[in-house]
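**Student:** Handing you a structure now.
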């Protein structure tokens, strides 16, 4: 399984640009969630172990039943970094390499931005 590194790097840069354009603080650290998915839990588990070894926090995998009856497993690998293109490109390359070796899909990263929802 090969993930498209050039597309993932482009997506990473575009996400950083969009967050900065929306006023994200360049000095603030953001929780970055790298999204990985596979129909094969064993392969996904292998990726999780490798990501923990290189310093990511990995959440438990979630299980999803699709409309066609198939099942997917997914987890996020979490880091906390400033919104710097070079840092996020390095993480994207690192996660992509691990995903490729494990044979799972890497769907890029995301973060939370904006005001926390206040209770009404």
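What follows draws every value from the coordinates through simple rules; no lab data is involved. Here the structure is a predicted model, which is why all the values come from computation and not from measurement. Because the Cβ atoms are built from the backbone with ideal geometry, glycine has one as well, and the counts that use them run over all protein chains shown.
**Student:** What FRET efficiency do you get for residue 113 and residue 57 if R0 is 25 Å and r is their Cβ-Cβ distance, rounded to the nearest 0.05?
**Tutor:** Efficiency, rounded to the nearest 0.05: 0.80.
**Student:** I've got another one for you. Once you sort the root eigenvalues of the Cα gyration tensor of region 31-83 as a ≥ b ≥ c, which label holds: rounded (a/c under 1.5), prolate (a/b larger than b/c) or oblate (the other case)?
**Tutor:** Oblate.
**Student:** Would you give the gap between the C-alpha center of region 79-99 and the C-alpha center of region 15-70, rounded to a whole Å?
**Tutor:** Measuring centre to centre over Cα atoms gives 11 Å.
**Student:** Take the alpha carbon atoms of the chain, find their radius of gyration, then divide it by 2.2 N^0.38 Å using N residues; give the quotient.
**Tutor:** Here the Cα radius of gyration is 1.11 times the empirical estimate.
**Student:** I'd like the FRET efficiency for residue 41 and residue 82, computed as 1/(1 + (r/R0)^6) with the beta carbon distance as r and R0 of 35 Å, rounded to 0.05.
**Tutor:** Efficiency for this residue pair is about 0.55.
**Student:** With an 8 Å Cα cut-off and a minimum separation of 6 or more residues, compute the relative contact order for region 31-119 in percent.
**Tutor:** Reported as a whole number, the value is 44 percent.
**Student:** Springs between alpha-carbon atoms under 10 Å, Gaussian network over the chain: tell me which of 36, 20, 51 tops the mean-square fluctuations.
**Tutor:** Looking only at 36, 20, 51, the largest GNM fluctuation is found for 20.
**Student:** Related question: Treating the angle as unsigned and between 0 and 90°, give the value, to the nearest 10°, between the Cα long axis of helix 85-102 and the longest Cα principal axis of the chain.
**Tutor:** 10 degrees
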